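The values are calculated or read from the model by the stated rules, or taken from the named source; none is laboratory data. Quantities reported herein were computed from a predicted structural model and do not represent experimental measurements. All Cβ positions, glycine included, derive from the backbone under ideal geometry; neighbour counts span all protein chains shown. Side chains included, ligands, DNA and RNA excluded: accessible areas come from the protein's heavy atoms. Shrake-Rupley method; radii C 1.70, N 1.55, O 1.52, S 1.80 Å.
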Amino acid sequence: MAGQDWRREYRSKLCKAEEAARYIRRGDTVFIGTACGEPQALVKAMISEAEHLADNEIVQTLSLGLTPYAEEKFPDQFRINALFIGPNMRQAVNDGRADYTPIYLSEIEQLFENGDITIESALILVSPPDEEGYCSFGVSVDITKSAAEHADQVIAEVNPNVPRVGGDSLIHISEIDHIVESNLPLLEWTQEREEDPEVLSRIGRHLGELVSDGDTLQIGYGTTPNAVLKYLNNKKDLGVHTEMFSDGIMELTKAGVITGRKKTLHKGKIVASFMMGSKRLYDWANNNDTVEMHPSAYTNDPYIISRNDGMVSINTALEVDLTGQVCADQIGHRFFSGLGGQVDFTRGAAKSKGGKPIIVLPSTAMDGTISRVVAHLEEGAGVTTPRGDVHYVVTEYGVAELHGKSIMQRAIAMINIAHPKFRDELLAHAKSLHLVYADQSDLALKSVYPEQYEMVARLADKDVYFRPAKATDESMLHELFYSFSDQTVYQRYMAPKKRFSHDELASMVNIDYTIKMTIIALVKEKSTWRAIGLATYDLDRERNTAEVAFIVHDKYQGKGIGSTMMEQLIKIGRERSIKAFTAETLSANVRMLELFYRTGLKVETRLVEDTYLVNMDLWAK
């Protein structure tokens, strides 16, 4: 009987699109469903009835369809209030024909609840009802469900192409006032622009180093975050808790990369609030038990987000300044997008156990003519994500780890991941703004970082990470050097040494990689990388020989750290056709001598007083 009741009610509410549009009154605030969940037939009908309307405010987060209500010919009928600016709304907002409310997605529902935004008419897109009379919001739950719950009247476009999804995604026929049936294909989303595949590949590789098996991902709106997803295809048991998801998440799920098995909230489920993608995605999501769609007030709640252990948020930016301020929604004075969920997920991931908030972006824009790493944000640009919330910034040139770092450390880290052709200019700006040392060397910043010499080895029951030094490593070496025992220092420097100056440490990390090399050995303690040793060579170009030197933390001596660094230096030296390595070591430093002999190189020594002068031919055996 109940089934007959809702079916009877459904038929009584059924009408043509033009008739439904006439229920919109003059002066009404009209909410339109989000992105690919836009009710196209209702929007077209509203426009066809525009002559009967006046002073209607249109509220919408992201529009991907036609937006005739933003055209100049309807100034008396429609005024838009965009809660997020899509590509087809930018011109209207920046021309002043439309307005923009900067608001985090997690907080929009409160605007409806508190009456800050009142909705008289909600135009929504839903699936046909099930046996109990419930329709699914399908691709657009986000703030659409909340808008419908707080609207004076709900006008629904019922479309069989809308997928039925799980989660908190249903509305009953009794909650809908007017129904219009349609069979229009859903809007599909493609990226606004294509980035250089090589740039994306390198960003993806760096991102892969930050994402661990079992992590839970959020992928933000934008070309780069979604394009780099495919470079995570070697991971295992990833989970998803996000605001939006697209075809990339579907493909990783099909490939068995995304399983959700390790999730600590909604285990085994893909949790999102809206979908933007292809028909293939919508068909795959339809009645798929792994897909749960929830309102943005839930998915974007930083506390809820933080309950996912290993939460990794991946968002993008238009520009990032040297102190770590992120602008993602403006280009100068011109609004580009919106606040969205970037800060929601950045803060949620930061509070997650083992979480990582990440900003990814190519280092340049406009075909390489503009640096997206900037000395300061462009005039007029707002701060989307404050510097205190930013943890990792990734470009194709590497990863800048900023959380807990000083302004000086941040500036050097950001210059280090900028495009090399802009680094001189950025360093000059940094010096003029007193963000770095006045004598900050540009050698490492101008050189191309030789990432091919990075490696991981299992030593002393730990994974030890070996890599060339970066300009950002000075503070790490400061900590290392002051942790050595007096004996270790004496053996390395062949004299007592009580101070390690900025100049000395800087000379080890600010280097021209073509003539000098410093290899640092690192281990991870809790969530922090610690240096445990380093090896250097300094090339004498005239003789084509390089002097080598080593030092290892007392705790890690005799565990293969020095030998591994020596192997790395030999590999690099041979690749660069260096003839021989030389060294000076105390006669009492037996371990160092043994390390040289274990290389298998032809080693010649000459004792001068208490010091051995060592020559190691890189080519003769």
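Odds and ends about this structure:
- Note on LYS516: lysines with a C-alpha under 22 Å away, same-chain residues under 8 apart excluded, are LYS421, LYS446, LYS470, LYS571, LYS579.
- ASP610 paired with ASP503, simple spin-label distance in nm, labels 7 Å along Cα-to-beta-carbon: 2.7
- Mean accessible surface per residue for the chain, computed with a 1.4 Å probe while every protein chain stays in place, in Å²: 42
- The trypsin sites (Lys or Arg not before Pro) found in segment 295-393 that occupy coil by DSSP, while having at most 14 further C-beta atoms within 10 Å, are LYS353.
- DSSP bridge analysis restricted to the chain gives an antiparallel fraction near 50%, rounded to the nearest 5.
- Shown for segment 65-163: the carbon plus sulfur share of the solvent-accessible area, taken with all protein chains present and a 1.4 angstrom probe, equals 42%.
- When each of LYS351/LYS559; LYS262/LYS351; LYS236/LYS356 is checked by Cα-Cα distance, pairs over 27 Å: LYS351/LYS559
- Relative contact order (%) - segment 487-562, alpha-carbon pairs under 8 angstrom, separation at least six: 23
- The share of accessible area on segment 252-360 that comes from carbon and sulfur is 52 percent, using a 1.4 angstrom probe.
- Summary value for segment 414-526: 30 percent relative contact order, contacts being C-alpha pairs under 8 angstrom separated by 6+ residues.
- Per principal axis, descending, Cα span of segment 19-108 in whole Å: 34, 26, 21
- Percent carbon-and-sulfur accessible area, segment 376-466, ignoring ligands, DNA and RNA, probe 1.4 Å: 52
- For HIS403 and SER12, the FRET efficiency from 1/(1 + (r/R0)^6), where r spans their Cβ atoms and R0 equals 60 Å, is about 0.55.
- Low-density loop positions, GluC sites (Glu not before Pro), segment 464-543 - DSSP coil, at most 14 other Cβ in 10 Å: GLU542
- Sites matching trypsin sites (Lys or Arg not before Pro) across segment 483-572 that sit in DSSP coil, with at most 11 neighbouring C-beta atoms within 10 Å: LYS498, ARG499, LYS526, ARG541, ARG543
- Cα-centre dipole for the chain with unit charges at Cβ (Lys and Arg positive, Asp and Glu negative), debye to 20: 2660
- Take every pair of alpha-carbon atoms less than 8 Å apart whose residues are at least six positions apart; their mean separation over the length of the chain yields a relative contact order of 9 percent.
- Over all Cα atoms in segment 1-154, the spread is summed up by Rg and Dmax: 15.7, 55 Å.
- Oblate is the label for segment 238-307, because a/c, from the alpha-carbon gyration tensor with a ≥ b ≥ c as root eigenvalues, is 1.5 or above and a/b does not exceed b/c.
- Computed extension length for GLU479-ARG261: 74.5 nm, one decimal, from 0.36 nm per residue of separation with the Cα-Cα distance subtracted.
- Classification of segment 94-197 by its C-alpha gyration tensor yields an oblate form. The axis ratio a/c (a ≥ b ≥ c) is 1.5 or more, and b/c is at least a/b.
- Kirkwood-type hydrodynamic radius, segment 304-440: 15.0 Å, calculated from all non-identical alpha-carbon pairs.
- Residue list for segment 5-42, given a label point 7 angstrom along the Cα-to-Cβ vector of ASP130 and an amide N cut-off under 17 Å: 6-7
- Stokes-Einstein diffusion for segment 532-603 at 37 °C, viscosity 0.692 mPa s, with a Kirkwood radius from C-alpha pairs, works out to 258 µm²/s.
- Candidate values (1) 41, 31, 26; (2) 59, 25, 18; (3) 58, 34, 24 were compared with semi-axes √(5λ) of the Cα gyration tensor in Å computed on the shown model; the agreeing label is (2).
- Model label sites at ARG458 and SER527, defined 7 Å from Cα along the beta-carbon direction, differ in position by 2.7 nm.
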